[in-house]
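K.L.:
Here it is: the structure, laid out below.
The values are calculated or read from the model by the stated rules, or taken from the named source; none is laboratory data. Quick caveat, the model's predicted, so the values are computed rather than measured. A quick note on method: Cβ atoms are made from the backbone with ideal geometry, for glycine too, and the neighbour counts reach across all protein chains shown. We work out accessible area using only protein heavy atoms, side chains counted, and drop any ligands, DNA or RNA first. Shrake-Rupley method; radii C 1.70, N 1.55, O 1.52, S 1.80 Å.
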Amino acid sequence: MHSLMLSSLILGAASAVLVAQETANRTVIPKTCFDSVADFENSFGYLYPWGSDHNGAARMDKDHIKVSGGVLSLTASPVTGQKPASSSGKSIHIHYLSGTVYAKAHFNVSRTGGYDFMGDFRATTTRGTWPAFWLTAVRGWPPEIDMAEWKGSGDISFNTFNTSSEVAAKNVNYPKPENFHSIKAELRDLNGKDVQVKFYLDGELVTTQVGKDFVGVPMYL
């Protein structure tokens, strides 16, 4: 069984803490969000906003989600005999049950506005796992901003999807996955139309990317 833990905000396979804060200094998701199940349910829902399946070989399952002691733990375990999922008209065999959660709030970068997303995460880089801390469009796709993604290669990835073929991506080594690491993404209106994203790992700026026409578009976390 592979696990992902968070302690103040969330991720889908790591351990971490998360705070989402508008630049006008209004905290959207507080640091206390993992202090109890009730605190968690004030800010988050179980599984994906649209259900249990996405585009991979894991089916989301509430039994793989645990909130305790200020930490959100998301785990995955092998499974057989599941009904296949469907994505873009393709059948996908399900090999794992996994935990994931989503924020009940939608995140919309307004003109002259922005958000800071901050969390402490412990995420596995084991081959075959795919923890992620990401934003995706409420309606349609893109936008997508992968504020942190671990794809079983030993690296951590920071990505912005403008289209399926126009992608800004940065992969860097992820040191000591057994330890907690701080993740931060700063989203800002760049020019009234586009969103600038600065990605940080353990307090160091890793890369800066731009989401085209992301201003005013609501996103799920």
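K.L.:
Of all the strands (runs of 3 or more DSSP E) wholly in segment 24-105, which have at least 1 residues that are out of contact with any Leu (no Cβ under 6 Å at 6 or more places or on another chain), more than 18 Å from residue 124 (Cα to Cα) and among the aliphatic types (A, V, I, L, M)?
P.N.:
Details: elements: 26-29, 44-46, 58-60, 65-68, 71-78, 85-87, 90-92, 96-98, 101-103.
Strands (runs of 3 or more DSSP E) meeting the threshold: 26-29, 65-68, 85-87, 90-92.
K.L.:
Suppose we keep only residues that are out of contact with any strand residue (DSSP E or B) (no Cβ under 9 Å at 6 or more places or on another chain) and part of a loop (DSSP other than H, G, I, E, B) within segment 175-211. Which one would you say is nearest to residue 133 (Cα to Cα)?
P.N.:
Looking at residues that are out of contact with any strand residue (DSSP E or B) (no Cβ under 9 Å at 6 or more places or on another chain) and part of a loop (DSSP other than H, G, I, E, B), I get 176.
K.L.:
Can you list residue pairs whose Cβ atoms sit under 7 Å apart, with the first residue in segment 62-91 being over 14 Å from residue 44 (Cβ atoms) and touching a residue at least 40 places away in the same chain (Cβ under 8 Å) and the second being surrounded by fewer than 12 Cβ atoms within 10 Å (Cβ to Cβ) and not aromatic (Phe, Trp, Tyr)? Count only pairs 6 or more apart in sequence or on different chains.
P.N.:
Between residues of segment 62-91 that are over 14 Å from residue 44 (Cβ atoms) and touching a residue at least 40 places away in the same chain (Cβ under 8 Å) and residues that are surrounded by fewer than 12 Cβ atoms within 10 Å (Cβ to Cβ) and not aromatic (Phe, Trp, Tyr), the close pairs are 75/1; 76/1; 77/1.
K.L.:
Continuing with this model, one more query. Mind listing just one residue for me: the one in segment 75-86 that is loosely packed, with under 12 Cβ neighbours inside 10 Å and either hydroxyl-bearing (Ser, Thr, Tyr) or under 19 Å from residue 128 (Cβ atoms) (or both) and, of those, modelled with the highest pLDDT?
P.N.:
Keep residues of segment 75-86 that are loosely packed, with under 12 Cβ neighbours inside 10 Å, which gives 78, 80-81, 83, 86.
Narrowing the set further to residues that are either hydroxyl-bearing (Ser, Thr, Tyr) or under 19 Å from residue 128 (Cβ atoms) (or both) leaves 78, 80, 86.
Working: 78: 93, 80: 97, 86: 92.
Applying the filter and picking the extreme gives 80.
K.L.:
Can you say whether residue 129 is part of a loop (DSSP other than H, G, I, E, B), hydroxyl-bearing (Ser, Thr, Tyr) and open to solvent by less than 60 Å² (accessible area, probe 1.4 Å), as far as the supplied structure shows?
P.N.:
Details: part of a loop (DSSP other than H, G, I, E, B): yes; hydroxyl-bearing (Ser, Thr, Tyr): yes; open to solvent by less than 60 Å² (accessible area, probe 1.4 Å): yes.
Taking the combined requirement at face value, the residue satisfies it.
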